[in-house]
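Below: one structure, written as structure tokens.
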Amino acid sequence: MSIEIPKTQKGCIFYENHGEIFYKDIPVPKPKANEILINVKYSGVCHTDLHAWHGDWPLDVKLPLVGGHEGAGVVVAKGENVTNFEIGDYAGIKWLNGSCMGCEFCQQGAEPNCPDADLSGYTHDGSFQQYATADAVQAAKIPKDADLAAIAPILCAGVTVYKALKTADLRPGQWVAVSGAGGGLGSLAVQYATAMGLRVLGIDGGEDKGKLVKTLGAEVFVDFTKEKDIVKAVQKATNGGPHGVINVSVSEAAISQSCDYVRALGKVVLVGLPAGAVCKSPVFQQVVKSVEIKGSYVGNRQDTAEAVDFFVRGKVHCPFKVVGLSELPRVFKLMSEGKILGRYVLDTSK
Ligand code: NAD
Ligand code: ZN
């Protein structure tokens, strides 16, 4: 089967960090021997895309850049070495576009930690375009009857928080605090945690986010814009502090605070990546409470398959709003103001 592929397409592209984002005609990329070409139907907008545009991190983006790494669509072409996808299959663009597969990290399934990792919407043009390429080894498998708009946020936000929860290594019945619970990653973290049998306390700002977080399964909501003593409030609600914390806020202060309110023997998982942030933990407290602080970075192929499976079984569903691809600048503005409940998903046909 072959599908006709145009020479040009619509995409969102920027030429310098913080520079204007142009919605315009750009060439359709050609897949290399190991790659598939995906006709992206929908793409989630992750806060990482905003960090990439701002140039927030000590890792350069390719320029010019087409961002995006939560792309869901249909395989329309493939390189000659690709054996695991057929034309017409559904496939997903993830943050980890490809890795060397030969280093010690790839060898143990920690492919995101590969020093030569190729990143969608960062070092490799991503899913804010109608056609995007992905290494077939890393591209996500999406079941044929899946709703492509609804599954898009799973490809980064879902995989990331699912892996972070596994990293926290908690038991059913234990408390987990999700800091940043009303955003894209947070709203999914609340649901994965609930599905895994954990008791969830969500932290975010505003009544709308509080309502949402509770609907998604959190027993308790702490509003950081209203609560004067967050550490005390969290410890009181969880009878001594949560056993684990998933930090998905974009707030340095919130991250350090989580080292204070976590329970003795608890695990603080760092996921959110505010620009230049440092996690401060008082050494005395950390020692006598024997707290673990762990970083968690997206997930590997198996984590992806498991995270997708929770979605397919109806256990998680990121609340999302669909708007046209051309509206990316507006979505970035709302995101930087902390005004997004769940995710915005871009329809690439508009
Ligand atoms: P988002 O903007 O959708 O959500 C962030 C949420 O944090 C918002 O709801 C906001 O209101 C809330 N928040 C802000 N200040 C807070 C505070 N002081 N306390 C509690 N909540 C607060 O962003 P997102 O797309 O969910 O991404 C979150 C972060 O995770 C970003 O930094 C992103 O780059 C990072 N990320 C990391 C990985 C990884 O692999 N480690 C993967 C994806 C995204
Ligand atoms: Zn992301």
Pairs where the first residue, in the stretch 192-211, is on the phi < 0 side of the Ramachandran plot and the second is at pLDDT 95 or above and of a type in the set (D, E), C-beta under 7 Å, 6+ apart: R199/E219; V200/E219; L201/E219; G205/D223; G210/D223
Selected residue (criterion: most open to solvent (accessible area, probe 1.4 Å)) from residues of the stretch 294-314 that are more than 15 Å from ligand 2 (Cβ to nearest atom) and charged (D, E, K, R): R313
Options G71, G44; residue that is open to solvent by less than 10 Å² (accessible area, probe 1.4 Å), farther than 16 Å from K10 by Cα and in contact (Cβ under 8 Å) with a residue 12 or more places away in the chain: G44
Hits in the stretch 128-158 - residues which are out of contact with any helix residue (DSSP H, G or I) (no Cβ under 8 Å at 6 or more places or on another chain) and within 15 Å of ligand 1 (Cβ to nearest atom): A152
Search result, residues across the stretch 161-176 that are open to solvent by less than 10 Å² (accessible area, probe 1.4 Å) and either more than 12 Å from the chain's Cα centre (by Cα) or not hydrophobic (A, V, I, L, M, F, W, C) (or both): L165, A168, V176
Count of the stretch 182-204 residues which are closer than 20 Å to A152 by Cβ and in a loop (DSSP other than H, G, I, E, B): 2
Selected residue (only one of V322, V262 is modelled with pLDDT of 95 or more, more than 16 Å from ligand 2 (Cβ to nearest atom) and under 23 Å from W95 (Cβ atoms)): V322
One residue from L59, L96, L119 being surrounded by fewer than 18 Cβ atoms within 10 Å (Cβ to Cβ) and under 26 Å from G184 (Cβ atoms): L59
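The values are calculated or read from the model by the stated rules, or taken from the named source; none is laboratory data. Worth saying up front: this structure is predicted, and the values here are computed from it rather than measured. Virtual Cβ from ideal backbone geometry, glycine too; neighbours counted across all protein chains shown. Surface accessibility is based on the protein's heavy atoms, side chains included, excluding ligands, DNA and RNA. Shrake-Rupley method; radii C 1.70, N 1.55, O 1.52, S 1.80 Å.
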